[in-house]
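Enquirer: This structure is in structure tokens; I'll ask about it shortly.
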Amino acid sequence: MANSEGEFVKHIARRETDFSQWYTDVVLKTGMADYSDVRGCMVIKPYGYGVWELIQKEMDQRFKDTGHENAYFPLFIPESMLMKEAEHVEGFAPEVAWVTSCGSGEKLAERLAIRPTSETMIGSMYAKWIQSYRDLPMLMNQWCNVVRWEKSTRPFLRTSEFLWQEGHTAHETFEEAQQETMRMLEVYAEFAENVLAIPVIKGRKSEKEKFAGAYATYSMEAMMQDGKALQMGTSHNMATNFAKSYGIQYLSREGKLEYCNTTSWGTSTRMIGGLIMVHGDDRGLVLPPRVAPIQAVILPIAAHKPGVLEGVDGLLQKLKAAGIRARVDDSDQTAGWKFNQWEMKGVPMRIEVGPRDIEKGQVVIVRRDALDNKEFVPIQGVAQRVKTMLDEVHIGLLNKALVMRDTKTVDASDFETLREGVQHGFARALWCGDTACELAIKEKTQGGTTRNMPLGRHKPEGVCVHCGKKAEAVTYFAKAY
Ligand SMILES: [Zn+2]
């Protein structure tokens, strides 16, 4: 363990020189996650899992507020069940892990897929449960793990096994399914901004990038500090595609047998990778307060002096009573070591309490996102001030992320500007919507892909930035994780 000031910080690569190494250093050294002996799989350590638990809590409340219930479905999907939706199977086949034998090597009569996603399993159950329009809408969510065999992996961003939630709903009409798809996209975007302090672009995916088997896919996309985009969540309208493959039918109000319109929507531990890459700095993590497992760390200064420990304890009780996730670090490390340690771990604020503060009836608060500013806060009313300050940190981070995204976004009216733009961030351009054109753009820009076509815009006048055909939509392009 390092014990001199600055020791920790030295061990984290600088973002500017090696962003990828910086990311790995931050994940490993702050105790968010670790590599495991299993190929492509990570261990989420308590500090990282604490972030995930807060994400779950916030999202789960939003799902319930919009009428959804949680359930749990099997991890294994029989091959014949998976195969029913042709387009879906084709999309996921390269990533599926199979169980082929069990026990003492006995070969299974039918291979079992480890779920890469649960449309097929849940669809087959909905077919059983839904009989009439009175059973609709059916609104469920599942918190679980999924497996997608990946060639190259990075903690949180892409791992062979990951944690996520998947919502699955069934409706009478296409319009209702569409409303649900958009409602959940809104829930995701509101969560990203109000909880993770990450601004997102909401829009429709291209035909090439949409979910395998969906009628339409919508996503929220965020910009990272290295100029690459991250898809943070998706919401799909399946129309009757899955209902037809799995026989999800209902007797309508008119007494006719109809297919349901279904949706699905998902977000994962990938969002943790996103918040690291949006907010972190060269000192380490910067956690948005609403998902910070520790929101305020209290550091006693000259703890042996009379009154300090009592003062610290009183402060901790006050903060806890106000619902603030606070902790005291009374370890025997030096103050400098502690400052670095908690800065690296991204705790939104540290509160110093020394003998002179006790005399003056105050504490010293330093915000992680503004380390140069010390604020002296009277003990009277300190909890209220800390609460307000946590909100200020949230707003500060969101605004900073917005500015970062804006400086990394260009409007490209010609192909050269688009090509140049995607090397550093988002390029926004008119596009024809054609898959062949999309593939050519990716090739010519060394990896620039369509991210999404933002909502709420009219069909534009003009021509495609690349092929010159009539433009279909304003589209965001970027290199992406
Ligand atoms: Zn084109």
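The values are calculated or read from the model by the stated rules, or taken from the named source; none is laboratory data. Values in this document were obtained by computation on a predicted structure and should not be read as measured data. Don't worry about glycine lacking a Cβ; one is built from the backbone with ideal geometry, like all the others, and counts go over all protein chains shown. Ligands, DNA and RNA are stripped out before the accessible areas are found, and what is left, the full protein with its side chains, is counted by its heavy atoms. Shrake-Rupley method; radii C 1.70, N 1.55, O 1.52, S 1.80 Å.
Enquirer: Restricting the search to the stretch 421-445, which residues are of a type in the set (D, E, K, R) and surrounded by fewer than 14 Cβ atoms within 10 Å (Cβ to Cβ)?
Expert: Within the stretch 421-445, GLU443, LYS444 meet the criteria.
Enquirer: Being open to solvent by less than 50 Å² (accessible area, probe 1.4 Å) and under 26 Å from VAL278 (Cβ atoms) narrows it down to one residue among GLY468, GLY456, GLY448; which is it?
Expert: GLY448
Enquirer: Could you check how many residues of the stretch 401-410 are crowded, with 16+ Cβ neighbours inside 10 Å and either under 14 Å from PRO288 (Cα atoms) or touching a residue at least 60 places away in the same chain (Cβ under 8 Å) (or both)?
Expert: 5
Enquirer: Pairs needed: first member in the stretch 455-470, within 13 Å of the ligand (Cβ to nearest atom) and at pLDDT 95 or above; second member anywhere, open to solvent by 90 Å² or more (accessible area, probe 1.4 Å) and part of a loop (DSSP other than H, G, I, E, B); C-beta distance under 8 Å; at least 6 residues apart or different chains.
Expert: Final answer for the pair search is VAL463/LYS469; VAL465/SER413.
Enquirer: In the list MET344, MET349, which residue meets the criterion of being in contact with a Ser or Thr (Cβ under 7 Å, 6 or more places away or on another chain) and either outside the structural domain of GLY48 (by TED's automatic domain parsing) or in contact (Cβ under 8 Å) with a residue 60 or more places away in the chain (or both)?
Expert: MET344
Enquirer: So VAL43 passes all but one of these: (1) in a helix (DSSP H, G or I); (2) free of Cβ contacts under 8 Å to residues at least 40 places away in the same chain. Which condition number does it fail?
Expert: It is condition (1) that VAL43 fails.
Enquirer: Out of all the residues in the stretch 57-72, which are within 21 Å of THR117 (Cα to Cα), assigned to a loop (DSSP other than H, G, I, E, B) and out of contact with any Ser or Thr (no Cβ under 8 Å at 6 or more places or on another chain)?
Expert: Hits for the stretch 57-72 are ALA71, TYR72.
Enquirer: Another question, if that's okay. With the condition being in the same structural domain as LYS228 (by TED's automatic domain parsing) and under 21 Å from the mean Cα position of the chain (by Cα), I'd like the strands (runs of 3 or more DSSP E) fully within the stretch 73-176 carrying at least 2 qualifying residues.
Expert: Result: 138-147, 161-171.
Enquirer: Now for a separate question. Can you name every one of the strands (runs of 3 or more DSSP E) wholly within the stretch 227-333 that holds 3 or more residues which are aliphatic (A, V, I, L, M) and either free of Cβ contacts under 8 Å to residues at least 60 places away in the same chain or crowded, with 22+ Cβ neighbours inside 10 Å (or both)?
Expert: Result: 229-239, 296-300.
Enquirer: Checking the conditions here, which among GLU53, GLU58 is open to solvent by 40 Å² or more (accessible area, probe 1.4 Å), in contact with a Phe, Trp or Tyr (Cβ under 9 Å, 6 or more places away or on another chain) and under 26 Å from PRO289 (Cα atoms)?
Expert: GLU58
This table checks each residue for (1) closer than 30 Å to ASP369 by Cβ; (2) away from the ligand (no atom under 16 Å from the Cβ); (3) not acidic (Asp, Glu).
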site	(1), (2), (3)
MET404	yes, yes, yes
THR417	no, no, yes
GLU420	no, yes, no
MET453	no, no, yes
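Enquirer: Among the candidates GLY448, GLY433, which residue alone is within 11 Å of the ligand (Cβ to nearest atom) and modelled with pLDDT of 95 or more?
Expert: It is GLY433.
Enquirer: Here is a list: ASP135, ASP65. Which entry is among the charged types (D, E, K, R) and within 27 Å of GLY274 (Cβ to Cβ)?
Expert: Just one listed residue meets the conditions, ASP65.
Enquirer: Can I ask one more? GLU420: modelled with pLDDT under 95 and not hydrophobic (A, V, I, L, M, F, W, C), yes or no?
Expert: no
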